[in-house]
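Asks: Right, I'll just put the structure down here and ask away after.
Bear in mind that the values in this text are calculations on the coordinates, not laboratory data. The model shown is predicted, which means the values in this text are computed figures rather than measured ones. When we count neighbours, we look across all protein chains shown, and the Cβ atoms used for this are built from the backbone with ideal geometry, even at glycine.
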């Protein structure tokens, strides 16, 4: 009798183990596909949550550091809309992933709208929003909800001289966050520009916009490593896929 | 002996079933959390892929219809940066989810930056990008990659008169796509604005920006139902969660 029971139980066990391995495989497929979605789902897509909304400087630095692109507003030189405010998408860094400076750096070509406008009038506003990082979507905040923090840096754009330490730093930082730049067309006369910030406006809570003191913003020592971790995970996933 | 083997195997089986149920629970948590990520992971977050890049009008209409927010550039009236180009995040619709018109509509308050600027100078540029829909991320395009389509509508902003058919249509469309608007503070003197489009610039492929004829853009009959499906799925998920 025990022998028959043993044989029956063996069959049940084998079936059970098969189900377990199928479920485990299903989980691995799901998490393998998570390559685009690093980090927990209920929280900020790319790492820890933003700082408390009352910590204006920390919040402002957090938002810029965690955005890969910005919209940059300039005064248009296009014939049909000369003098109009114009806006363009530009990939951005605020320094390297491990060394955030709060200064926005861009890789520009004289061929693009933005550089052409800036060559006549260097005034610009750079806009970044936590909607871009999926934070707002995950929190179910409308993009215009004041808790969906947006930051507007206004000032004058300035070309950085090649063969300076800042140029080397900024170029390395841009290529680190945006590896595609290494393959941008070589004959587009690329240069690096940054903003000399005159005003920082931010909406991060109810009650209207706040102004963040530029000196405090630049002096703040940002130590968050979420972007570095996120990009390392992406690289790690890429290595696994190759 | 068979009795001892049976007892041993029972213990092993119970352990195996426990692992199976843990793995199954883990899978359920993962898929429950998929509520924020409707649609397949490898494809466009919100539905079918964009049109072929050579179909400029179809592409331009697709991009605006599939974006929930835009950056809107204006000429600033803020004291520290008067005359600077400025940019802000605004939730947008181009009509209802089932009835796209290509005209961008916004819900505005005289208290916000944008409305204050527009009250002095109605010129604006509205910028939307497929980066906002996760398409570019899923394709592994850098935000500045020319295949990560961005659309710039430039023109003059105009307030829509209340008690007109257009006002009713636009308000319903805004509240449909942005239900949070129903709870925006009632004392903020909300009004609805649209753009009278003067120029449409778009980058959707290599070789520089293209200009989309405004008449053709407005006349195009956009029939994509992806936004409607996406929002219905979100509502359905909400009903299941309640």
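Asks: Starting from a Cα-only point model with no solvent, please compute log10 I(q)/I(0) by Debye for the range A:138-182 at q = 0.18, 0.24, 0.25, 0.32 1/Å.
Replies: With one equal scatterer per Cα and no solvent, log10 I(q)/I(0) is -0.78, -0.87, -0.90, -1.07.
Asks: Something else about it: Over the protein assembly as shown, consider all pairs of different Cα atoms and compute the Kirkwood hydrodynamic radius from their mean reciprocal separation; express it in Å, one decimal.
Replies: Hydrodynamic radius (Kirkwood, Cα only) of the protein assembly as shown equals 24.3 Å.
Asks: From the helices alone, meaning DSSP H stretches of at least four residues, give me the mean residue ellipticity at 222 nm for the protein assembly as shown, per-run term -39500 (n - 2.57), in deg cm²/dmol to the nearest 500.
Replies: Taken over the protein assembly as shown, the calculation gives -11500 deg cm²/dmol.
Asks: Send over the Kirkwood Rh of chain A, from the inverse of the averaged 1/r over different Cα pairs, rounded to one decimal Å.
Replies: Across chain A, the inverse of the average 1/r is 20.5 Å.
Asks: Which of A:200, B:14, B:103 has the fewest other C-beta atoms within 10 Å, and how do the rest follow up to the most? Don't jump to the answer; show the numbers that get you there.
Replies: Details: A:200 24, B:14 11, B:103 18.
Fewest to most other Cβ atoms nearby, the residues stand as B:14, B:103, A:200.
Asks: Turning to a different aspect of this structure: Per residue of A:69-82, count partner chain C-beta atoms within 10 Å of its C-beta, then hand back the mean as an integer.
Replies: Across the residues of A:69-82, the mean count of other-chain Cβ atoms within 10 Å is 6.
Asks: Now for a separate question. For residue B:15, place a label point 7 Å out from Cα along the Cα→Cβ vector, do the same in each other copy, and report the separations in nm, one decimal, smallest first.
Replies: Once sorted, the set of distances for residue B:15 reads 2.2 nm.
Asks: So which residue, out of B:53, B:65, B:188, gets the largest mean-square fluctuation from a GNM of chain B using Cα contacts under 10 Å as springs?
Replies: B:188
Asks: Please report the equivalent ellipsoid semi-axes of the range B:105-187, computed as sqrt(5 x eigenvalue) of the Cα gyration tensor, largest first, in whole Å.
Replies: Sorted largest first and rounded, they come to 29, 17, 13 Å.
Asks: Which of the three applies to the range B:112-242, rounded, prolate or oblate, going by the alpha-carbon gyration tensor with a ≥ b ≥ c and a/c under 1.5 meaning rounded?
Replies: oblate
Asks: Count, for each residue of A:149-155, the Cβ atoms from other chains sitting within 10 Å of its Cβ, then give me the mean as a whole number.
Replies: Average per residue, whole number: 4.
Asks: Further question: Can you bin the range B:41-155 into rounded, prolate or oblate? Criterion: square roots of the alpha carbon gyration tensor eigenvalues sorted a ≥ b ≥ c, rounded for a/c under 1.5, prolate for a/b above b/c, oblate for the rest.
Replies: Prolate shape, in that a/c is at least 1.5 and a/b is the bigger ratio.
Asks: If you stretched the chain out fully between residue A:184 and residue A:147, how much longer would it get, using 0.36 nm times the residue separation minus the C-alpha to C-alpha distance?
Replies: 9.7 nm
Asks: So, R0 is 45 Å and r is the distance between the beta-carbons of residue A:7 and residue A:236; what FRET efficiency does that work out to, to 0.05?
Replies: 0.45
Asks: Given axes a ≥ b ≥ c from the Cα gyration tensor, I'd like to know whether the range A:166-242 is rounded (a/c under 1.5), prolate (a/b larger than b/c) or oblate.
Replies: oblate
Asks: While we're on this one: One decimal, nm, shortest first: give the distances between the label point of residue A:79 and those of the same position in the other copies, each label point 7 Å from Cα along Cα→Cβ.
Replies: 4.2
Asks: Now, a different point. Calculate how steeply helix B:165-177 sits against the longest principal axis of the alpha-carbon atoms of chain B, using the helix alpha-carbon long axis, and give the answer as 0 to 90 degrees to the nearest 10.
Replies: Here the helix axis deviates by roughly 30 degrees.
Asks: Here is a follow-up. Once each part is reduced to its C-alpha centroid, what is the distance from the range A:176-195 to the range B:154-223 in angstrom?
Replies: Centre-to-centre (Cα) distance: 33 Å.
Asks: Order these by the 10 Å Cβ neighbour count, fewest first: A:2, A:190.
Replies: A:2, A:190
Asks: How do A:126, B:72, A:7 rank when sorted from fewest to most other Cβ atoms within 10 Å of their own Cβ?
Replies: On the way: A:126 24, B:72 31, A:7 13.
Going from sparsest to densest Cβ surroundings: A:7, A:126, B:72.
Asks: Between copies, how close do the residue A:189 label points come, placed 7 Å along Cα→Cβ, listed in nm from shortest?
Replies: So the label point of residue A:189 gives 4.7 nm to the other copies.
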